[in-house]
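> After the structure tokens below, expect a handful of questions from me.
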Amino acid sequence: KVFRATDTRLNRRVAIKICNEEFSGRFEQESRSIAAINHPNVCTLYDVGPNYLVMELIEGETLAARLKRGKLPPSETVRFGAQIADALAVAHGLGIVHRDLKPGNIMLTRSGLKVLDFGLARSADDPSLTAGGVMGTPAYLAPERLEGNDADARSDIYALGLVLAEMATGKRSKFPEDLPPALDRVVKRCVEADPEDRWQSARDLKWELESIAVAPAADPP
């Protein structure tokens, strides 16, 4: 459950996420690392308690809610994708993997995009967990995750490829049709079954998306 609240010490609005079970020691340790992420496209984690998180309060709607009204324009898909990739690159540089990247964990605000819940898919009370202890939302899990292996940066890149395809088409599909050729090439490399065949870093993926954004439009045939 998530509540709007006020931090009375610093007089700021915050969001408090309360979980049904207490966090493990490993989760608390990782949360401290997540709190060290300083990026405009990442929701700031302020504090961690035995079973709660104190986070930046974000006003807006989730990408999942926005996509219910249809696909995004290609320019927004590429721009948002580059912002997400940039946020992932900073987290990966700190050794933090998101593990549950999906439209429901991405907020759209007036001032830009925010990625939520970095590394928090280890919380065992997440209702979207698959059977057998595999953490994350099944529709966005890379093949190695479904096999029970732990996530690395390339697992996040796989999930971002699916999110890109969903933004561009309004539908959840690993192999979408009618994508612009440059974006189609990016998405296909993101969702390769073998992690070695994917983009090897979120920073490279960000640069590729930014190059698409600034490329001149092709003349019509």
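The values are calculated or read from the model by the stated rules, or taken from the named source; none is laboratory data. From a predicted model like this one, the values you see are computed outputs, not experimental measurements. No Cβ is skipped: glycine too gets one built from the backbone with ideal geometry, and neighbour counts run over all protein chains shown. We work out accessible area using only protein heavy atoms, side chains counted, and drop any ligands, DNA or RNA first. Shrake-Rupley method; radii C 1.70, N 1.55, O 1.52, S 1.80 Å.
> Considering only residues that are in contact (Cβ under 8 Å) with a residue 24 or more places away in the chain and of a type in the set (Gly, Ala, Ser), look in the stretch 131-163 and name the one that is surrounded by the fewest Cβ atoms within 10 Å (Cβ to Cβ).
Once the filter is applied, the top-ranked residue is Ala139.
This table checks each residue for (1) assigned to a loop (DSSP other than H, G, I, E, B); (2) open to solvent by 20 Å² or more (accessible area, probe 1.4 Å).
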position	(1), (2)
Ser75	no, yes
Leu88	no, no
His92	no, yes
Gly95	yes, yes
His98	yes, no
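> Identify, please: which residue in the stretch 164-213 is in contact with a Pro (Cβ under 6 Å, 6 or more places away or on another chain) and hydrophobic (A, V, I, L, M, F, W, C) and is, among those, surrounded by the fewest Cβ atoms within 10 Å (Cβ to Cβ)?
Residue satisfying both the conditions and the ranking: Ala193.
> Where in the stretch 2-61 are the strands (runs of 3 or more DSSP E), entirely inside, with at least 1 residues that are within 19 Å of Ile106 (Cβ to Cβ), without any contact (Cβ under 8 Å) to a residue 24 or more places away in the chain and open to solvent by 80 Å² or more (accessible area, probe 1.4 Å)?
The qualifying strands (runs of 3 or more DSSP E) are 2-7.
> Hey, does the stretch 142-155 have a residue that's at pLDDT 85 or above, within 16 Å of the chain's Cα centre (by Cα) and of a type outside the set (Gly, Ala, Ser)?
Looking through the stretch 142-155, at least one residue is at pLDDT 85 or above, within 16 Å of the chain's Cα centre (by Cα) and of a type outside the set (Gly, Ala, Ser).
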